[in-house]
Amino acid sequence: MVRILKGAEVADALDQRSTQQVEELKDLGVTPILAIIRIGERGDDISYERSAIKRARKVGIAVQQVILAADVTQCRIISTIKDLNTNTSVHGVLLLRPLPAHIDEDFVRNMVAPEKDVDAITNHSLAGVFAGTSTGFAPCTPSACMEILDYYGYDLNGKKALVIGRSMVVGKPVAMMLLERNATVTIAHSRTVDLPAMTGEAQIIIACVGHAHLIGSHHLSSGQVIIDVGINVNEDGSLVGDVDFDAAADIVEALTPVPEGVGNVTTSVLMKHVAEAASRIAL
Ligand code: NAP
């Protein structure tokens, strides 16, 4: 019988700890504040912003929404970030991406102050993940994958882990985090030859591609633990992962559902980071 690794349980455990940390900060006169910068009206951004606000409210974190027009100038975004960087009442800055095409995203994302970079979008924070130092924060989605594995008690030491996808948002950082925990890590991508041979050998698979049901029964074997990061929208508006859930459920030991899996945990990790940032800045 497959074990369904539900995100809600993990999120609740994280939220309980964040709530306690936030209460302690409030007792000292500090209310943690997350600033969310949204540019334009992209549906994905609005829905992520909504779920972040809901989660923030749950744990007692205040949110400052900064909404800029889709045709905003790069100068205006940079001055907005600089103002938030120097505003001592703001503890975390989340810049929703991708940014509009006329903006140099690589330049702009690196303007966030490292101590407020709660989703690790700057090269400085990402370098910390790759160097294995814990001075900054790690990106929320890769951290959510690790929180799920930890919560459900999977020991990564010496395990063969396969990460499918190599983006800087998910694939590469999660591969580094698995390596840091002594897994033997392989990274697959769009040029990988014979993916089924690789997936078949892995004990832990992190699928972060963005291709509905790319991973099916011919990729899988018994005993595997699968974390499905992919979020793909069907024609009828329903969401599915990169893994064919029904096919996988008959074969593997454990897997995360989509929805109600990794996505649920990501916003809780974000709140954990904001509470931690507030503690580091304020205390
Ligand atoms: P991305 O930047 O588009 O990267 C996708 C990766 O998949 C690339 O490295 C690409 O390889 C690889 N790939 C594409 N086709 C492949 C194939 N046939 N076989 C093997 N690898 C293949 O996407 P992303 O930002 O990392 O996001 C990945 C997925 O995670 C998306 O569905 C996204 O919506 C989801 N996501 C979920 C959360 C959450 O909280 N749950 C957060 C962020 C993202 P190349 O590098 O060779 O092109």
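The values are calculated or read from the model by the stated rules, or taken from the named source; none is laboratory data. Everything quoted here is computed from the prediction, not taken from an experiment. Every residue, glycine as well, gets a Cβ built from its backbone with ideal geometry; the counts of neighbours run over all protein chains shown. Heavy atoms of the whole protein, side chains included, go into the accessibility calculation; ligands, DNA and RNA do not. Shrake-Rupley method; radii C 1.70, N 1.55, O 1.52, S 1.80 Å.
Points to keep in mind about this one:
- Considering only Val10, Leu178, Met271, and ranking their Cα positions along the charge dipole of the chain that arises from unit charges at the beta-carbon of Lys, Arg, Asp and Glu, the one farthest toward the positive end is Met271.
- With every protein chain in place, the chain: carbon and sulfur % of accessible area (1.4 Å): 51
- Charging the Cβ of each Asp and Glu at -1 and of each Lys and Arg at +1, and nothing else, the dipole of the chain about its Cα centre rounds to 660 debye.
- For segment 1-128, the dipole from Cβ point charges (+1 on Lys and Arg, -1 on Asp and Glu) about the Cα centre works out to 300 debye, to the nearest 20.
- The simple spin-label model puts a point 7 Å past each Cα toward its Cβ; for Val233 and Glu260 those points are separated by 2.2 nm.
- For segment 111-238, accessible area per residue (1.4 Å probe, heavy atoms of protein chains only), Å²: 45
- Computed magnitude of the charge dipole of segment 135-271 (debye, nearest 20; Cβ of K, R +1, Cβ of D, E -1): 620
- Here is the P(r) of segment 174-271: all C-alpha pair distances, binned every 10 Å from 0, give 15, 47, 32, 5, 0 in whole percents.
- Spin-label zone in segment 117-134 - amide nitrogen under 16 Å from a point set 7 Å from the Cα of Gln74 along the C-beta vector: none
- DSSP bridge orientation in the chain - percent antiparallel, rounded to nearest 5: 5
- Length released on extending from Glu253 to Thr192, taking residue separation times 0.36 nm less the Cα-Cα span: 19.5 nm
- Modelled spin labels at Ser89 and Ser134, positioned 7 Å past Cα toward Cβ, are 3.2 nm from each other.
- The amide H of Lys160, built 1.01 Å from its N in the peptide plane, has Thr184, Gln203, Ile204 as neighbours under 5 Å, considering only residues 5 or more places off or on other chains.
- Rounded to the nearest 500, the helix-only mean residue ellipticity at 222 nm of the chain stands at -13000 deg cm²/dmol, with each DSSP H run of n ≥ 4 adding -39,500 (n - 2.57).
- Our Cα-only numbers for segment 1-150 put the radius of gyration and Dmax at 16.3, 55 Å.
- Amide H to amide H distances under 5 Å link Ser167 with Lys172, where only residues 5 or more positions off or on other chains count and H is placed in the peptide plane.
- The phi torsions of segment 176-193, fed into the Karplus equation with coefficients 6.51, -1.76 and 1.60 and a -60° offset, translate into couplings of 5, 5, 5, 4, 4, 9, 6, 7, 9, 10, 10, 10, 9, 8, 5, 9, 5, 9 Hz, rounded to whole numbers, with Gly and Pro shown as x.
- Fraction of alpha-carbon pairs over 37 Å apart in the chain - percent: 13
- Note on Asn182 and Ser167: the model spin-label points, each 7 Å out from Cα along the C-beta direction, lie 3.2 nm apart.
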